[in-house]
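Chemist: I have a structure here, written as structure tokens, and I will follow up with some questions on it.
The values are calculated or read from the model by the stated rules, or taken from the named source; none is laboratory data. Please read these numbers as outputs of a predicted model, since none were measured by experiment. Glycine also receives a Cβ, built like all others from the backbone with ideal geometry; neighbour counts cover every protein chain displayed.
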Amino acid sequence: MQPKNILSYLLPRILFILAVMGLLLAYNYRSQIKDFTDSYIEKFRNDFSSSSQSIRRRPLSVLERETKLAMYVGEPFQSFSPEDWGNFWNIIYGTFPKEPSELPFLPRSSRQLTMEEVKQELRSLYPEPFNYFRDEHWESFFGLVLK
């Protein structure tokens, strides 16, 4: 037999054997596969429904907001570098993994910080202006940042 004939003879048989073995494994582990797919789909539905309700979207340009923050609030915004601005906007608009997953094979749930968590994070990172903010200051701050 020539090598081309051997390959054309053996390849379909090897693929058939692998397909049968795959089907047997899938049949043997069907309950685990069903549990995995059901829990993954349920997690996706929960994440999608909860995140679509209260998601904050970052605008295309934040330059005007950065200028107003530096002008109205002052420090630390006046001396922010581009990296500092990136970290600041990530706190406002970013998503963070918070809750551990129910099952070990699922990814962690991620969500945006609530307004109270944003306040706490800003107070810890930039204590100088934010520790002195009252409720009316926070309202005008978020009005400027999230408008």
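Chemist: Hey, among Phe105, Phe96, Phe77, which residue is buried (at least 16 other Cβ atoms within 10 Å of the Cβ), at pLDDT below 80 and aromatic (Phe, Trp, Tyr)?
Modeler: Numbers: Phe105 fails: buried (at least 16 other Cβ atoms within 10 Å of the Cβ); Phe96 fails: buried (at least 16 other Cβ atoms within 10 Å of the Cβ).
One residue alone meets the criteria, Phe77.
Chemist: Answer yes if at least one residue in the stretch 2-9 is of a type in the set (D, E, K, R) and modelled with pLDDT of 80 or more, and no otherwise.
Modeler: No - not one qualifying residue is present in the stretch 2-9.
Chemist: Moving on. Taking the options Trp138, Trp89, name whichever one is within 14 Å of Arg56 (Cα to Cα) and at pLDDT 75 or above.
Modeler: Working: Trp138 fails: within 14 Å of Arg56 (Cα to Cα).
After ruling out the rest, the residue left standing is Trp89.
Chemist: So, one more: Restrict the check to the stretch 63-73 and report whether at least one residue is surrounded by 11 or more Cβ atoms within 10 Å (Cβ to Cβ), assigned to a helix (DSSP H, G or I), at pLDDT below 80 and among the β-branched types (Val, Ile, Thr).
Modeler: Taking every residue of the stretch 63-73 in turn, at least one turns out to be surrounded by 11 or more Cβ atoms within 10 Å (Cβ to Cβ), assigned to a helix (DSSP H, G or I), at pLDDT below 80 and among the β-branched types (Val, Ile, Thr).
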